Each structure stands twice: as C-alpha cells, then as structure tokens.
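A short worksheet on the structure shown next.
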Amino acid sequence: MDKVVAVAADAVAGIGDGASLAVGGFGLCGIPSVLIQALLDAGVTGLRTVSNNCGVDGWGLGMLLRAGRIARTTGSYVGENKEFERQFLAGELEVELVPQGTLAERLRAGGAGIPAFYTPAGVGTQIADGGLPLRYDGKGGIALASEPKETRVFDDTEYVLERAIVCDFALVHAWKGDRHGNLIYRESAANFNPLCASAGRITVAEVEELYEPGELDPAEVHTPGIFVQRVLHAPGVEKRIEKRTVTA
C-alpha cells in the first residue's frame, strides 16, 4: 500500500518511447514540473500528450516540446508557446484541438469507464464535420485532417459523439498526498489534475506535502488512492507565473 518512490527517476520509470500521457495543470498552474523534468532527463521520445495546453517556451511541457520529445498532443489551448506554433506549422507536431469542456469530459469519462458521450459543443464546425488540420506538410498544406464524427439529434438538438480518453500514464501535481495515494489539490491548481489522475492506467503524483495514512481528512480528498500507483514527495517545487500583472 505504500506507493511512495524515493526519486523522480523511479516515479517515471517504465514510461517509454511513444507512451501516451495525461498531464494535469492549466497554463503553469498545478503542473507536475518535477515529473516533466524527470521525463526530459530520461530521454524518452515520441510522446503523445493530453493536457489543456502544452506549457510555455522553456517550462512545463514546453521543455519536452523544445527537445523534440512530443510527437502528438491533444489540448484546447495552444497560445503562449512560439515553439509549439513553429513545430505545428512545420509539420513536426500532430495536434488535436478539443473544446475545453469536451476535453475535461473526455478525461472524466475515461476514468469512469464510459467509452463515449454526446455533446453539443462543436456541432456545425470542423470538430464534428472533419477537416480540422492535425498535421501540416510544412509547405502551407494539410498533411493530415480530422475525420467526421457521428452526430445524433436528441429533443430537436444535434449532438456530436466524442470518445473518452484513457492514457498509458498520468502525471499530476497535488498539494497534499499520503502514502496510499490519496490526493488533495490546492484551490485553482485542481483544474485538470483530478481528471487526468483518473484517466491514466498508471498514475504518478508529485505532492508538496506527504502525510501518513489516516492523517488526511477523507472528506477533503479529491482523488482517492485507488486511482494512484506512485507518489513522489516534491517539497519546495518551483512555481512560475505565466503572466505577471501589477497595479500602480
């Protein structure tokens, strides 16, 4: 039952080339930066990531992207990253754009064992009709485009069928965690972390504060330990600000 690993390298052990990863965080808030660095150090490549965004230049998933380690990414927001733009337009990166709420539900459904669901988001657009560029050819043309999705009418409203997401691994960041893998996220750092935690076949959590079993209030636990296979104690983790604003 003790799921704590000693070092970050052990936490990401077994994540090989071509693995799919559900990665928590929103912008730079709540990202598993220690685990991402460990993956970078491990040298794995051809990764297929699922995350709200792909970090920023030089931080978060942006570190793996800059090193050419990500082959495909699924997300809803791709701004704030010039290298992402360059790789996508150059045909070096495959990108699946998903409405943000749909992405959250696809991850939640994957964790709940629901294979697919209908949603009105994307109906009448390339999300449903197909033709959304997944990969460019580097010359301004489209090398690979999305396929049309099944649609159906319920109560006079059209919906599109979206498949659930389950990944080989999930990497998440939590504020508190115990040795059994029970996790508590801090305020807005919850974002996509609980969803990703449930959508990984093997879920790895870095936690700022490590507790013994029974020390966490069960009523405050966001992710039960049954979803988590490895826990890394990562105190004092660096937290960067994506856009700093000040008042005069």
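Computed from the coordinates by the stated procedures, all read-outs in this text should not be read as laboratory data. Because the structure is a prediction, the values reported are computed rather than measured. No Cβ is skipped: glycine too gets one built from the backbone with ideal geometry, and neighbour counts run over all protein chains shown.
Computed over the Cα atoms of region 1-140, the ratio of the radius of gyration to the Kirkwood radius (Rg/Rh) comes to 0.99.
If you take every DSSP beta bridge whose two residues both sit in the chain, what share of them, in percent to the nearest 5, is antiparallel? Restricted to the chain, the bridges split so that about 35 percent are antiparallel. Which entries in the list LYS149/LYS243; LYS176/LYS239; LYS82/LYS149 go over 25 Å, if you measure between the two C-alpha atoms of each? Cα-Cα > 25 Å for LYS149/LYS243; LYS82/LYS149; rest within.
About its Cα centre, region 162-248 has a charge dipole of approximately 360 debye under the convention of +1 per Lys or Arg Cβ and -1 per Asp or Glu Cβ, with nothing else charged. Can you give the local net charge around GLY25? Use residues other than it whose beta-carbon is closer than 12 angstrom to its beta-carbon, Lys and Arg +1, Asp and Glu -1. So the environment of GLY25 carries a net charge of 0.
Highest mean first, what order results for 144-150, 53-59 on Cβ atoms within 10 Å?
Values: 144-150: 12.3, 53-59: 20.9.
Per-residue mean Cβ counts within 10 Å order the peptides as 53-59, 144-150.
Here is how the number arises for the chain: DSSP H runs of 4 or more residues each give -39500 (n - 2.57), the sum is divided by the residue count, and the result at 222 nm is -5500 deg cm²/dmol. Taking label positions 7 Å along the Cα-Cβ direction at both LYS149 and VAL246, the computed distance is 4.4 nm, reported to one decimal.
Counting Lys +1, Arg +1, Asp -1, Glu -1, what net charge surrounds LEU210 among other residues with beta carbon under 14 Å of its beta carbon?
Working: positive: LYS3, LYS176, ARG179, ARG230; negative: ASP2, ASP178, GLU206, GLU208, GLU209, GLU212, GLU215.
Result for the neighbourhood of LEU210: -3.
Quote the Stokes-Einstein diffusion coefficient, in whole µm² s⁻¹, for the chain, based on the Kirkwood radius over alpha carbon pairs, a temperature of 20 °C and a viscosity of 1.002 mPa s. The estimated diffusion coefficient comes to 115 µm²/s.
Put simply, when 103-110, 6-13 are sorted by average Cβ atoms within 10 angstrom per residue, most first, you get 103-110, 6-13.
Kirkwood hydrodynamic radius of region 23-106 from all distinct Cα pairs, in Å? Spell out each step's value before the answer.
Values: mean 1/r = 0.0794 Å⁻¹.
The Cα-based Kirkwood calculation yields 12.6 Å.
What angle do you read, to the nearest 10 degrees and between 0 and 90, between the alpha-carbon axis of helix 100-112 and the longest principal axis of the chain? Orientation of helix 100-112: about 60 degrees from the principal axis.
Counting other Cβ atoms within 10 Å, which GluC sites (Glu not before Pro) in region 203-248 have at most 15 and lie in a DSSP loop? Before the final figure, lay out each step's value.
On the way: sites: GLU206, GLU208, GLU209, GLU215, GLU220, GLU238, GLU242; in loops: GLU215, GLU238, GLU242.
Passing both the DSSP loop test and the Cβ count: GLU215, GLU238, GLU242.
Binning the alpha carbon pair distances of region 190-248 at 10 angstrom intervals from zero yields the distribution 17, 43, 26, 11, 3, expressed in whole percent.
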